[in-house]
Amino acid sequence: MRLHRTPPTTTARRLVGLALAPTMLALAAAAPSAAAPRADAQQAQAQAAQRHGGQDTLRRAAPRDLAVGTAVAGGGHHAEQDYADPFAYDVEYRERMAAEFSSLSPENQAKWEYIHPRRDFYNFYPMDAIVRFAEENRQVVRGHTLFWHSQNPEWLEQGDFTDEELRAILKEHIQTVVGRYAGRVQQWDVANEIVRDDGSGLRVGPTSEGGNIWITRLGEGIIADAFRWAHEADPRAKLFFNDYGVEGINAKSTYYYELVQDLKAQGVPVDGFAIQGHLSTQYGFPGDLQANLQRFDALGLETAVTELDVRMVLPENGIPTSAQQAQQADYYRRTLQACLAVEECNSFTIWGFTDKYSWVPVFFAAEGSATVMTDDYERKPAYYALQSTLRDARRGGR
Ligand code: XIL
């Protein structure tokens with residue numbers, strides 16, 4: 001993935017994150033939706049929903065067995081922007097999130113560097129606030145993520161741990177985080193992006209080159225352990241692999257296809273395979289997406305789309321052409337249709353719903369406009385493409 005701005009150092013992000021945490025806690029406690037008794041909270045939410053679309057929202061359009069989700073902005077690249085924490089301070093953002101979606105994913109708030117910034121300290125407040133918000137709004141939560149090569153804290157990456165210590169650290173982290181939210185998280189992305197881009201194998205190698213610290217130090221068997229520990233900590237949560245570049249049938253997705261069969265044969269509690277779906281209109285649409293989901297479904301797995309966004313190379317004036325908007329809407333629609341056509345594809349999440357907070361311009365040079373609403377929460381053709389596709393599926397009895 002190309003980086004157009006130098007990513008902030010882990011330390012810088014951690015400090016900002018920590019500095020914000022107490023404020024967020026205070027604010028979350030003061031916000032009516034967090035502290036008020038249930039009836040009041042529900043009334044406030046009904047009023048908010050009325051202001052932001054009424055019945056006319058994505059969650060209302062969706063078939064009952066499909067969770068329609070968004071990432072909840074916070075941490076990561078947000079910490080470097082000139083706006084306050086969106087989830088804590090942007091009232092319209094919160095209200096629309098409640099009105100439009102039935103599933104929430106912490107964009108960064110449950111990643112290692114954020115939730116476990118020091119070896120002996122967990123920063124739970126932001127994830128707690130997301131889970132509480134979800135419950136108040138009758139939304140489910142996708143946990144993201146427990147076992148990854150990226151956004152790990154410095155103490156972990158620079159620490160001089162023995163293999164035995166590392167194993168104990170991972171076990172403790174998974175048990176603590178998954179255990180804390182047991183019964184309140186529907187799906188966990190246990191292992192994120194563990195396969196090399198070319199599908200030639202697992203990400204083994206130095207962390208500076210994208211190696212996964214756990215697999216590199218502890219061997220492939222640690223993947224099964226991670227799933228087992230997560231399952232012990234919350235037997236009800238569905239446990240997933242999650243990756244990008246696995247939308248179609250290719251070497252990378254096939255690597256997962258084989259890995260999952262091996263693990264299932266050993267009795268490892270793997271429940272699902274998820275495609276992130278970071279697409280760009282400058283590339284063709286992965287037309288075999290449905291067939292790919294279908295082959296995982298046929299293994300008895302749940303499938304999910306977890307991070308869909310469709311970016312584009314913007315013209316000089318920064319405004320997408322109508323052809324670009326139409327192509328983007330088409331990509332959103334086809335991804336959703338693929339999921340809807342696969343029986344156990346029960347969760348469909350977009351990686352943010354407004355361009356105001358999208359990670360795309362920060363990470364992809366000259367690209368943007370990747371979400372379904374403008375900076376001002378104006379619905380784009382892509383929004384309506386999702387809405388009408390959901391309605392059709394609901395009417396069609398999915
Ligand atoms: C991104 C976040 O959106 C940014 O805020 C952060 O700075 C970097 O990570 N795949 C994933 C997500 O699994 O966690 C990433 O999220 C996007 C790619």
**OP:** Starting from segment 362-381, take each residue that is more than 17 Å from His77 (Cα to Cα) and crowded, with 18+ Cβ neighbours inside 10 Å and list its partners that are of a type in the set (Lys, Arg) and at pLDDT 95 or above, counting only C-beta distances under 6 angstrom and pairs at least six apart or across chains.
**Re:** Val372/Lys380; Met373/Arg379
Subject >> Test result for Ala338, surrounded by fewer than 21 Cβ atoms within 10 Å (Cβ to Cβ) and hydrophobic (A, V, I, L, M, F, W, C) >> reply: no
Subject >> Residue, nearest to Leu66 (Cα to Cα), within segment 102-153, restricted to residues that are of a type in the set (D, E, K, R) and away from the ligand (no atom under 16 Å from the Cβ) >> reply: Arg138
Original post:
How about segment 186-213: which of its residues are touching a strand residue (DSSP E or B) at 6+ places or on another chain (Cβ under 7 Å) and away from the ligand (no atom under 16 Å from the Cβ)?
Top reply: Gln186, Leu202
Original post:
Going through segment 87-112 one residue at a time, which ones are in a helix (DSSP H, G or I) and over 16 Å from the mean Cα position of the chain (by Cα)?
Top reply: Ala88, Tyr89, Val91, Glu92, Tyr93, Arg94, Glu95, Arg96, Ala98, Ala99, Glu100
Original post:
Where residues in segment 36-81 are assigned to a loop (DSSP other than H, G, I, E, B) and modelled with pLDDT under 95, which of them is farthest from the ligand (Cβ to nearest atom)?
Top reply: Pro37
**OP:** Could you tell me which numbered condition Gly74 fails, if it satisfies all but one of (1) surrounded by 22 or more Cβ atoms within 10 Å (Cβ to Cβ); (2) out of contact with any Asp or Glu (no Cβ under 6 Å at 6 or more places or on another chain)?
**Re:** (2)
Original post:
Name the residues in segment 304-334 that are within 16 Å of the ligand (Cβ to nearest atom) and β-branched (Val, Ile, Thr), would you?
Top reply: Val305, Thr306, Val310
Original post:
Scanning for something out of contact with any Lys or Arg (no Cβ under 7 Å at 6 or more places or on another chain), closer than 15 Å to Leu390 by Cα and either surrounded by 24 or more Cβ atoms within 10 Å (Cβ to Cβ) or not basic (Lys, Arg) (or both), does segment 303-310 turn up at least one residue?
Top reply: yes
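The values are calculated or read from the model by the stated rules, or taken from the named source; none is laboratory data. Nothing here was measured: the structure is a model prediction, and the numbers come from that model. Because the Cβ atoms are built from the backbone with ideal geometry, glycine has one as well, and the counts that use them run over all protein chains shown.
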